[in-house]
Amino acid sequence: MRNIAIITLAVALEGEKGYSRFRTLAEILSEDHAVDLITSSFQHWEKKQRDIPKLYENNKNKKYGLKFAFEPGYKKNVDIRRIKSHKIAVKNILRLLKDTRYDLIYCIIPDNYMARKVSEYAKRNNIKLVIDVEDLWPEAMQMVLHIPVLIDKIVFYNFRKNAKKAYLKADGIIGTSDEYRDAPINKYGVDIKNRETVYVGCDLSDFDAGVYEFLDEIPKNKDEFWITYAGNLGSSYDIPTLIKAAQKLYENGYQNMRIKILGSGPLEAEFKKIKQEKPCNVEFVGYTPYRKMAAYLVKSDITINSFVRKAPQSIVTKIGDYLAAGKPMINTCSSFEFKEKVENDRFGINVIAEDVDELAKAVMFLYNNTTLRSEMGKAARTIAEKQFDRKQAYLVIKDMVNKLLL
């Protein structure tokens with residue numbers, strides 16, 4: 001049994017909002033090793049300080065430990081205060097690392113500064129390091145901030161420098177898509193021998209338990225046809241086109257079609273104003289606990305992975321949930337890798353982002369093809385079971401960790 005630290009600034013612990021991916025990983029790795037999940041005192045999705053005594057109490061029967069690094073917090077995801085807040089958290093994470101002699105550190109990027117500082121600590125102390133590429137900074141920020149090309153290299157210089165320095169010290173790379181897995185070599189020229197793709201995925205047993213628990217509580221008339229989006233309401237997500245397509249369909253007489261938007265975010269109020277411009281059947285359901293969200297997706301007829309054209313995302317967290325629902329997917333994400341997967345695995349159709357007419361046509365196409373919807377839905381669930389179930393997919397990470405610890 002060896003000592004392992006998993007380091008992330010954002011993880012949903014028991015009873016919290018957000019994504020629980022690293023909690024799942026901690027559970028899997030703690031089957032063979034002594035694992036500490038080191039995270040922030042600040043809850044990223046709820047934007048508040050955590051109730052740490054309660055979280056310790058909730059975690060007391062788990063095999064892995066929890067450690068919290070104080071972080072003052074921030075109000076917006078893209079904000080100078082977030083960068084400053086993260087620097088304080090990183091300083092405190094490094095202090096926590098000194099409390100235990102770790103044999104391997106599993107560190108998430110972004111935050112790029114955190115990954116760099118942790119990689120330097122690992123190198124100094126002869127500790128094996130795996131970096132998990134969950135997103136690409138500064139690429140994700142570029143779209144939000146609209147920085148002119150002429151000054152882009154200056155503004156984001158430190159982000160790129162920190163990423164490269166972190167990758168140079170890594171012993172292994174896990175990417176949540178092939179694009180992310182290969183980011184070190186393709187963007188920075190750093191060729192890391194041990195690298196694997198492991199989708200974010202979902203816990204299928206938890207998803208199915210949610211469906212069993214909540215499906216009958218969600219009312220739906222027999223003639224209704226639901227198109228459902230679940231996720232953040234921010235700048236990367238093309239909710240305006242979805243609403244305008246709903247308005248077009250309503251105008252053309254398809255008033256039995258219902259758009260369900262599950263989630264919340266900084267642009268929610270703006271999106272709701274677009275809904276008011278013309279008649280449509282669009283419902284903002286709001287933040288929905290995971291298990292109830294699962295039931296909504298299964299109750300739906302189509303799921304939609306809705307992104308703006310310039311969004312840098314690849315294979316995002318919600319894909320596992322969409323596929324688990326066993327429904328056909330409409331995808332507007334421009335990622336070549338994911339578009340190819342949609343086509344090759346036959347679980348949905350790709351549509352050009354930000355095109356109201358094409359999106360409305362895609363909905364109508366699936367609406368009028370019951371057999372095809374059924375076939376795509378079955379393919380979606382099969383892919384979820386084979387490639388996106390965390391309890392199976394994350395064994396790839398476990399194998400890499402064990403190999404590096406030999």
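Bear in mind these aren't lab numbers, they're just calculated from the coordinates by the rules spelled out. Bear in mind the structure is a predicted one, so any value in this text is a computation, not a measurement. Cβ coordinates were reconstructed from backbone atoms using ideal geometry, including for glycine residues, and neighbour counts include every protein chain displayed.
Here are some notes:
- Estimated FRET transfer efficiency when R0 is 41 angstrom, pair LYS87-LYS339 (beta carbons, to 0.05): 0.65
- Zone of LEU405's modelled label, taken as backbone nitrogen in the range 9-53 under 20 Å from a point 7 Å along Cα→Cβ: 21-39
- Of all aspartates and glutamates in the structure, those lying under 16 Å Cα to Cα from LYS128, and not within fewer than 8 positions of it along the same chain, are ASP36, ASP103, GLU120, ASP171, ASP399.
- Linear extension gain, LEU372 paired with LEU395, 0.36 nm per residue minus alpha-carbon span: 5.0 nm
- With Cα atoms, 0 to 90° folded angle of helix 112-124 axis to the chain main axis: 30 degrees
- Toward the positive end of the charge dipole of the chain, with +1 on the Cβ of Lys and Arg and -1 on the Cβ of Asp and Glu, the farthest Cα among LEU168, GLY348, VAL200 is that of LEU168.
- Label point of ILE218 set 7 angstrom out along Cα-Cβ; within the range 293-330, amide nitrogens under 14 Å from it belong to 293-304, 321-328.
- Virtual spin-label span in nm between ASP355 and ILE151, 7 Å along Cα→Cβ: 3.5 nm
- The range 10-85: GluC sites (Glu not before Pro) falling in loop per DSSP and having at most 15 other Cβ within 10 Å: GLU14, GLU31, GLU46
- Applying a threshold of 29 Å to the alpha-carbon distances of LYS75/LYS272; LYS75/LYS341; LYS248/LYS327; LYS54/LYS98; LYS91/LYS292; LYS47/LYS403 flags LYS75/LYS341; LYS91/LYS292; LYS47/LYS403 as lying beyond it.
- Cα-Cα over 32 Å, subset of LYS164/LYS339; LYS123/LYS153; LYS164/LYS361: LYS164/LYS361
- When the listed pairs LYS48/LYS117; LYS17/LYS260; LYS161/LYS260; LYS48/LYS318 are checked against a 31 Å cut-off, the alpha-carbon distance exceeds it for LYS161/LYS260.
- Straightening the chain between LYS60 and ALA209 buys 51.3 nm, computed as 0.36 nm per residue apart minus the Cα-Cα spacing.
- Computed Rg/Rh of the range 204-387, alpha carbon atoms with Kirkwood Rh: 0.93
- A Cβ-based charge dipole, computed about the Cα centre of the range 204-387 with Lys and Arg at +1 and Asp and Glu at -1, lands at about 140 debye.
- A DSSP coil position with no more than 16 other Cβ atoms inside 10 Å describes the following chymotrypsin sites (Phe, Trp or Tyr not before Pro) in the range 186-259: TYR254.
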